[in-house]
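Quick notes on the structure that follows.
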Amino acid sequence: MSRASLSASLAFAAFVGALAVSAAVAAPAKLTADQIVDKNIAARGGLAAWRGVQTLSWSGKMDAGGRATKAAIAPGKAQPPPATQPPSTEPAVQPQLPFLLEMKRPRKTHLEIEFKGQTAIQVYDGTNGWKVRPFLNRHEVESFTPDELKAVTSQADLDGPLVDYAAKGTAVELDGTEQVEGKDAYKLKLTLKNKQVLHEWIDAKTFLEVKVEGTPRRLDNRYHPVFIYLRDYKQENGLMMPHLIETSVQGVAGTEKIQIEKVVVNPAISDSRFAKPS
């Protein structure tokens, strides 16, 4: 090998080595699942602050086609699409419906969605659930189905699944790292008290949730994975909360969005708001 080619080879090796060092520097820090959870809670405002939240109110607009979207905002509440429904062909831009979601410990929710002068209501009092669906000409109060009730009883409280996760009977493991929309993220595996398994992705720099695995949707006689993306974090009373939630159903064109326009921390909400609608 000539001196020139040897010099070129050495230079190339040094360049490759520099790239490897750079990649190593850029790689996410090696943290345990508990360390990631602690950093996530700190990034969201801190454990003491979240423990102090007893009620929470969100209002804004959601896509009119929001079956998956409603599931993201109130897990277990939305009716799943019929098994015979074909993949969605809805346009990318959908009409926006005003909504109000009120939450109260433990796991009480009251969701209202307005459409053409009518209001759909979904209520869960921590034990039982009811719905009124005027959009479908169902104006009577109906109880949740067994499947709906099973799903809603496993949903996270208003502080999410990671706050006090051990006390909630959840086990958390680190399931590696992945890129979410071009950014490194820690992938956490959560095994809930009822043995249900779901995954959350925590941004490796901000330590905020950027992606959550949703409940699979049954379409064309098979289940499609659902992923929920959390974006546009803003501080509300010292707590970091997403203001854009986008749901994607694998194999279905388009996504469904929830735009949260107003957040109220610890509003006065009577227990009567979570009782069976009259």
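Some points to look at:
- Scanning segment 221-240 for residues that are within 13 Å of the chain's Cα centre (by Cα), open to solvent by less than 50 Å² (accessible area, probe 1.4 Å) and either free of Cβ contacts under 8 Å to residues at least 24 places away in the same chain or farther than 22 Å from Asp203 by Cα (or both) yields Phe227, Leu230.
- Residue within segment 163-186 that is assigned to a strand (DSSP E or B), of a type in the set (Lys, Arg), closer than 25 Å to Gly45 by Cα and open to solvent by less than 40 Å² (accessible area, probe 1.4 Å) present: no
- Residues in segment 180-189 include none that are over 15 Å from Ala33 (Cα atoms), touching a Leu at 6+ places or on another chain (Cβ under 8 Å) and free of Cβ contacts under 8 Å to residues at least 12 places away in the same chain.
- Subset of segment 187-210 (residues that are part of a strand (DSSP E or B), crowded, with 20+ Cβ neighbours inside 10 Å and not aliphatic (A, V, I, L, M)): Glu200, Trp201, Asp203, Glu209
- Boolean, Leu149 is buried (at least 18 other Cβ atoms within 10 Å of the Cβ) and either more than 23 Å from Lys104 (Cα to Cα) or among the aliphatic types (A, V, I, L, M) (or both): no
- For segment 252-263, a tally of residues being at pLDDT 95 or above and either polar (S, T, N, Q) or open to solvent by less than 50 Å² (accessible area, probe 1.4 Å) (or both) returns 4.
- Test: residue in segment 173-184 that is modelled with pLDDT of 90 or more, more than 22 Å from Lys104 (Cβ to Cβ) and β-branched (Val, Ile, Thr): yes
- Checked against (1) within 28 Å of Ile113 (Cα to Cα); (2) outside any loop (DSSP other than H, G, I, E, B); (3) at pLDDT 90 or above; (4) not charged (D, E, K, R), Gly160 passes all but condition (2).
Listed here are the residues, each with its yes/no results for (1) under 19 Å from the mean Cα position of the chain (by Cα); (2) crowded, with 17+ Cβ neighbours inside 10 Å; (3) at negative phi; (4) modelled with pLDDT of 90 or more.
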| site | (1), (2), (3), (4) |
| --- | --- |
| Lys104 | yes, yes, yes, yes |
| Thr109 | yes, yes, yes, yes |
| Lys116 | no, no, no, no |
| Gly126 | no, no, no, yes |
| His139 | no, no, yes, no |
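The values are calculated or read from the model by the stated rules, or taken from the named source; none is laboratory data. This structure is a prediction, so every number in the text was calculated from the model and none was measured. Heads up, the Cβs are rebuilt from the backbone with ideal geometry, glycines too, and the neighbour counts pull from every protein chain shown. Ligands, DNA and RNA are stripped out before the accessible areas are found, and what is left, the full protein with its side chains, is counted by its heavy atoms. Shrake-Rupley method; radii C 1.70, N 1.55, O 1.52, S 1.80 Å.
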